[in-house]
Amino acid sequence: MDKVSKNKFSNYKFPHENCIFKNEEEGILLYKEDCILFMDNLIQIYPDGIFDMIFADPPYFLSNGGITCHAGKMTKVDKGSWDKSNGISQNHEFNLKWLSRCQKLLKKDGTIWVTGTHHVIYSVGFAMQQLGFKILNDIAWEKPNPPPNLSCRYFTHSTETIIWAAKNEKSKHFFNYETMKKINYGKQMKTVWTIPPPAEDEKIFGKHPTQKPLKLLERIILASTKENDLVFDPFSGSSTTGIAAVKLNRLFVGCELEEEYINLSIKRFEDFIKNNKKDISLFKELA
């Protein structure tokens, strides 16, 4: 008997326009669209929210002529025009714009995770306070073996901050406490996470300049969602959030504008689906 195809989005209304990749059986919708426009349209359909969790890796605004070390060589920090600063006021206004829309699209007990370096994370945190989010935790993601500081005038940058927040003060957020404890060898998990950067097999089709490791997104999604929950990423990039979500049997919706990263995402999704990698997830066994 042929396998009956199941549309995991059958209970939702998502726009057809600009959907560049769709696999309803696996639970994947990827849009090539400005996330502000996409969210404005979706708010008209779901004014009380739709997403259980949002992960956002917004522009850090650090591609402004600085230098860093890559593969032992000095290189410019230039990730693309999307990462250039427009000044403190405009950068903060942008953060308010996309965060306010994310807040509206979260379900009443939904949560959002936002990652960033010091270039952007303080603006994000202040914007969250202005909008009335309830900040739950700030995670320090420690990266082993970070690139050295070439100027020798600062400490070596080895962490990023990830803010976890609920929609508002009335939210009763979900936290998968017992699973986090199992992962942490039977002890309460702390807010310092040591996780290596993306492994080589996560970059076989190319890489995004701010690509996050799959293990980081698996932990975030498992900590704050249940199976079949709906996860959104407004700055999808190479779609690590999407791979982690589907791997853990969650539904994923993402937005990305850059053609290069759309193509990279599609290759990653197709490879993931073909090889059925979700069956080997440690986190799936723990959930």
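Residues checked against (1) buried (at least 18 other Cβ atoms within 10 Å of the Cβ); (2) of a type in the set (D, E, K, R); (3) part of a helix (DSSP H, G or I); (4) more than 15 Å from the chain's Cα centre (by Cα):
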position: Pro144; (1), (2), (3), (4): no, no, no, yes
position: Thr156; (1), (2), (3), (4): no, no, no, yes
position: Lys172; (1), (2), (3), (4): no, yes, no, yes
position: Glu178; (1), (2), (3), (4): no, yes, yes, yes
position: Gln211; (1), (2), (3), (4): yes, no, no, no
position: Leu217; (1), (2), (3), (4): yes, no, yes, no
position: Phe232; (1), (2), (3), (4): yes, no, no, no
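Every residue, every condition in (1) charged (D, E, K, R); (2) within 24 Å of Asp40 (Cα to Cα); (3) in contact with a Pro (Cβ under 6 Å, 6 or more places away or on another chain), yes or no:
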| position | (1), (2), (3) |
| --- | --- |
| Thr117 | no, no, no |
| Pro147 | no, no, no |
| Arg153 | yes, no, no |
| Ala166 | no, yes, no |
| Lys181 | yes, no, no |
| Thr194 | no, no, no |
| message | For the range 188-197, which positions are part of a loop (DSSP other than H, G, I, E, B) and hydroxyl-bearing (Ser, Thr, Tyr)? | response | Thr191
| message | Going residue by residue through the range 141-162, is there one that turns out to be among the acidic types (Asp, Glu), modelled with pLDDT of 95 or more and within 18 Å of Asp233 (Cβ to Cβ)? | response | yes
| query | Identify, please: which residue in the range 19-61 is among the hydrophobic types (A, V, I, L, M, F, W, C) and in a loop (DSSP other than H, G, I, E, B) and is, among those, modelled with the lowest pLDDT? | reply | Phe61
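Could you grab me the full set of residues in the range 248-258 that are outside any strand (DSSP E or B) and crowded, with 24+ Cβ neighbours inside 10 Å? Steps first, please.
Quick first cut of the range 248-258, residues outside any strand (DSSP E or B) only: 248-250, 256-258.
Matches in the range 248-258: Glu256 only.
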| note | In the set Tyr122, Tyr185, the lone residue that is of a type in the set (Ser, Thr, Tyr) and either assigned to a strand (DSSP E or B) or over 20 Å from the mean Cα position of the chain (by Cα) (or both) is Tyr185
| said: Test of understanding: among Gly110, Gly132, Gly116, Gly125, which residue is surrounded by 20 or more Cβ atoms within 10 Å (Cβ to Cβ) and without any contact (Cβ under 8 Å) to a residue 60 or more places away in the chain? | reply: Gly116
| Matching entry among Lys108, Lys79 (being farther than 24 Å from Glu256 by Cβ and either within 20 Å of the chain's Cα centre (by Cα) or at pLDDT 95 or above (or both)) | Lys108
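The values are calculated or read from the model by the stated rules, or taken from the named source; none is laboratory data. Being a predicted model, the structure only gives us computed values, none of them experimental. A quick note on method: Cβ atoms are made from the backbone with ideal geometry, for glycine too, and the neighbour counts reach across all protein chains shown.
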